[in-house]
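The block underneath contains the structure these notes are about, expressed in structure tokens.
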Amino acid sequence: MTCTGIQNKTGIHRLTMAGLLVTMGIVFGDIGTSPLYVMKAVMAANSTPDNDYIIGAVSCVIWTLTLQTTIKYVLIALRADNKGEGGILALYALLRHTPRKWLYIAGCVGAAALIADGVITPAITVTSAVEGLGTVTDSVPVLPVVVVVIVLIFASQQAGTERIGRFFGPFMLLWFLMLGILGAVGLAASPGILKAFNPWYAARLLWHDPAWFAILGAVFLCTTGAEALYSDLGHCGRKNITASWLFVKTMLILNYLGQGAWLMGSTQEVIRSSNPFYAIMPPWFTIAGVAMSTGAAIIASQALLSGSFTIFSEAVNLGLWPRLKIKYMTAARGQLYIPAVNWSLMAGCLLTVAIFRNSGGMEAAYGLAITVTMLMTTLLLALWLRSRGTSLWATILFLAVFASVEGIFFLANASKFVHGGWYSLLVAAVLAGIMIIWHKALLARLKYIDFRRLDKCTAIIKGIKEDAAIAKCASNIVYISHAPEYGLVESKIIYSIINKQPKRADHYWIIRIEHLDEPDTLEYSADVAAPDTLYLITLRLGFRIEPRLNTYVRQIVEDLVAEGSLDLVSTYPSLRSHNIPGDFRFILIRRVFSPSSSCCHKDRLLMQIYEKLRHLGISDQDAFGLDTSMVTAETVPLIINTAPSRRITRVPNRT
């Protein structure tokens, strides 16, 4: 028998005005606040910027947004979705069953680098915005205000991304309108800045300026939010993101042009002492502009935070991270919240503020890690395009163009390493290391776990059920199995039933869980291995599905009772006379690596590290949402013996 659960879907994924507003509130915060610091960073790369330099720099920004964000991510990457879900791990999930076993490394490195970028994004955007208050008064305590704002950002995540998007969306609409209007008005100062639409000016600047590495490192900041845009695909849908980007990109380019026009009409001294973003504002609007910037900076963090929740949710189900407590805020797909990730990122952001203390220092740490993510995404996208039937030459062209562009950006940002880039790479290296080691340890453990055919054990299990000399453990005993294929069961489960204090019950349930790469699958199959005694259930759960095992088992039992495959009424006469159902007990088996194991040094080290990393996650009991009064946990040793055993020799008795 098979049952399929259908997930609730909301209108957020349809192309509607409400969907567009939610998308602006969730997706474009990071890339939408880049005008706060991009042109300031570009001007810092040249001590005496002239008009040709300014036009060339703005041209670099325009064509970076076009090539990286519009072509690569909006037109190509958003189509590489896993049942509507996006991001580098969703892309890896589409390819992981290919013969290229090394692909998980690209997925881990890319995901870790994106999360490392997420540690810095709230810090730099909030700090840049609050520093704008310095244009009004010098008495503002910047760092305390930044700390308070960051804490509020992370505390608000508990409301869920859909609610946040509905609240933030209208604000971001006003923000982008403000950017476009200020930029359009500023264009009148120097209309010559419109030459920046010609890519020749960008090419000429990079060819002739000896500081082109520093220029590209600053220009790259304008597109750092593109990867988060792809990661948030599951929250808003491709149609809403694509349509919103047309408006967002127009407003961003207008603002960059306005800043460029102001720079062309300003003296060197004014340029060095001012942030062009605030300089193009009329004096009477400055306070309102700073308030809007601070609000936008708060919202900017949402894109990478919601993307980070998606990444960790996918990582858990792909076997790249220990299981975490995930809260599903609504029935809508995509609406999840991971407390451990949220508060860990907050701690990382506060540490970033404490180390760098101002936005100028954070700019050096910002951008380097995300170039690594973009390179890994380009590699996986090329393989995806090829798997979809794209011609070899077109795939090679895609890979050559974007790998070259991003490789140059990486080298340009690498010059920031000693000035702060080390920080983001260190965070990325730690996270990638945990993912890779956890994955390898899981595979190593799996090859040493012994499995048995369930049909070979049904006779003795039926015998235990009928043996009145054995005290009844429960009316229904439920085991969770992680067997790789149908019909197999861990030998330790059979040992628990038969040998480890034999467990007598009316019914035995083996629940085998398959965690799928797909987001919304919720279905099961039920097979009666021994009539009225042994049931084999296979649960197939998508990575967006909350594993509420109590609820699913109850629904499965109701289905089996309804079809007549199960008599759930207790066999105790006093209870059966009142038609009271039997009780359930879940038995969870945890394998602990035994120090007495005899195995190679590599596997021993992996097992030992696994036991340490396991504490980053939660127990199976918490992961499956089981009632503690219904659970018994059994710890068994995982003994690995790969060396040939030596048999002890018997000698004659002394007497």
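Quickly run through the stretch 102-112 and pick out the residues that are closer than 12 Å to Met374 by Cβ and either at pLDDT below 90 or open to solvent by 10 Å² or more (accessible area, probe 1.4 Å) (or both).
Val109
Here is a list: Ile181, Ile153. Which entry is β-branched (Val, Ile, Thr), modelled with pLDDT of 80 or more and within 23 Å of Trp245 (Cα to Cα)? Break it down into steps so the answer makes sense when it comes.
Values: Ile153 fails: within 23 Å of Trp245 (Cα to Cα).
Among Ile181, Ile153, only Ile181 is β-branched (Val, Ile, Thr), modelled with pLDDT of 80 or more and within 23 Å of Trp245 (Cα to Cα).
Scan the stretch 380-417 for residues that are hydroxyl-bearing (Ser, Thr, Tyr) and either more than 25 Å from Ile311 (Cα to Cα) or surrounded by 15 or more Cβ atoms within 10 Å (Cβ to Cβ) (or both) and jot them down.
Going residue by residue through the stretch 380-417, those that are hydroxyl-bearing (Ser, Thr, Tyr) are 387, 390-391, 395, 404, 415.
Selection gives Thr390, Ser391, Thr395, Ser404, Ser415.
Determine the pairs where a residue that is under 19 Å from Thr64 (Cβ atoms), located within the stretch 212-239, has a partner that is open to solvent by 10 Å² or more (accessible area, probe 1.4 Å) and acidic (Asp, Glu) with Cβ atoms under 8 Å apart, the partner being 6 or more residues away or on another chain.
Sorted first by the residue in the stretch 212-239, then by its partner, the pairs are Ile215/Asp209; Ala218/Glu363; Leu221/Glu363.
If you take the residues in the stretch 524-553 that are in contact with a Leu (Cβ under 8 Å, 6 or more places away or on another chain), open to solvent by 30 Å² or more (accessible area, probe 1.4 Å) and not basic (Lys, Arg), which one is nearest to Asp506 (Cα to Cα)?
Per the criteria, the residue is Asp532.
Looking only at residues that are within 26 Å of the chain's Cα centre (by Cα) and open to solvent by 30 Å² or more (accessible area, probe 1.4 Å) in the stretch 203-253, which one is nearest to Ser59 (Cα to Cα)?
Ranking the candidates gives Lys249 first.
Filter the stretch 499-519 for residues that are open to solvent by 30 Å² or more (accessible area, probe 1.4 Å) and under 23 Å from His97 (Cα atoms) and give the result.
Quick first cut of the stretch 499-519, residues open to solvent by 30 Å² or more (accessible area, probe 1.4 Å) only: 499-502, 504, 514-515, 518.
Answer for the stretch 499-519, where residues must be open to solvent by 30 Å² or more (accessible area, probe 1.4 Å) and under 23 Å from His97 (Cα atoms): Glu514, His515, Glu518.
Asp52: modelled with pLDDT of 80 or more, over 14 Å from Phe220 (Cβ atoms) and touching a helix residue (DSSP H, G or I) at 6+ places or on another chain (Cβ under 8 Å), yes or no?
Here the answer is yes, as Asp52 does meet what is asked.
This table checks each residue for (1) among the hydrophobic types (A, V, I, L, M, F, W, C); (2) in contact with a helix residue (DSSP H, G or I) (Cβ under 8 Å, 6 or more places away or on another chain); (3) modelled with pLDDT under 80; (4) not in a strand (DSSP E or B).
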position: Asp559; (1), (2), (3), (4): no, no, no, yes
position: Phe586; (1), (2), (3), (4): yes, yes, no, no
position: Ser596; (1), (2), (3), (4): no, no, yes, yes
position: Gln608; (1), (2), (3), (4): no, no, no, yes
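Regarding the stretch 341-353, can at least one residue be identified that is farther than 30 Å from Leu173 by Cα, open to solvent by 10 Å² or more (accessible area, probe 1.4 Å) and more than 19 Å from the chain's Cα centre (by Cα)?
Yes: one or more hits.
If a residue has to be buried (at least 24 other Cβ atoms within 10 Å of the Cβ) and either of a type in the set (Lys, Arg) or outside any loop (DSSP other than H, G, I, E, B) (or both) to count, how many in the stretch 79-101 make the cut?
Of the residues in the stretch 79-101, 6 are buried (at least 24 other Cβ atoms within 10 Å of the Cβ) and either of a type in the set (Lys, Arg) or outside any loop (DSSP other than H, G, I, E, B) (or both).
Just a yes or no: is a residue in the stretch 418-432 modelled with pLDDT of 85 or more, open to solvent by less than 40 Å² (accessible area, probe 1.4 Å) and not hydrophobic (A, V, I, L, M, F, W, C)?
yes
So if I check each of Val38, Val74, Val58, which one is aliphatic (A, V, I, L, M), closer than 30 Å to Arg204 by Cβ, touching a residue at least 60 places away in the same chain (Cβ under 8 Å) and in contact with a Cys (Cβ under 6 Å, 6 or more places away or on another chain)?
Values: Val74 fails: in contact with a Cys (Cβ under 6 Å, 6 or more places away or on another chain); Val58 fails: in contact with a Cys (Cβ under 6 Å, 6 or more places away or on another chain).
When all the criteria are applied, what remains is Val38.
Are any of the residues in the stretch 134-142 out of contact with any Pro (no Cβ under 9 Å at 6 or more places or on another chain) and open to solvent by less than 10 Å² (accessible area, probe 1.4 Å)? Can you show your working first?
In the first step, residues of the stretch 134-142 are kept if they are out of contact with any Pro (no Cβ under 9 Å at 6 or more places or on another chain); the result is 134-142.
Those still in the list that are open to solvent by less than 10 Å² (accessible area, probe 1.4 Å) too: none.
Looking for residues that are out of contact with any Pro (no Cβ under 9 Å at 6 or more places or on another chain) and open to solvent by less than 10 Å² (accessible area, probe 1.4 Å), one finds none in the stretch 134-142, hence no.
Please go through the stretch 499-511 and give me each residue that is farther than 26 Å from Val569 by Cβ and either at pLDDT 90 or above or within 38 Å of the chain's Cα centre (by Cα) (or both), ordered by number.
none
The values are calculated or read from the model by the stated rules, or taken from the named source; none is laboratory data. Nothing here was measured: the structure is a model prediction, and the numbers come from that model. Ideal geometry is used to build each Cβ from the backbone, glycine not excepted, and the neighbour counts take in all protein chains shown. Areas reflect the complete protein model, heavy atoms only, side chains present, ligands, DNA and RNA absent. Shrake-Rupley method; radii C 1.70, N 1.55, O 1.52, S 1.80 Å.
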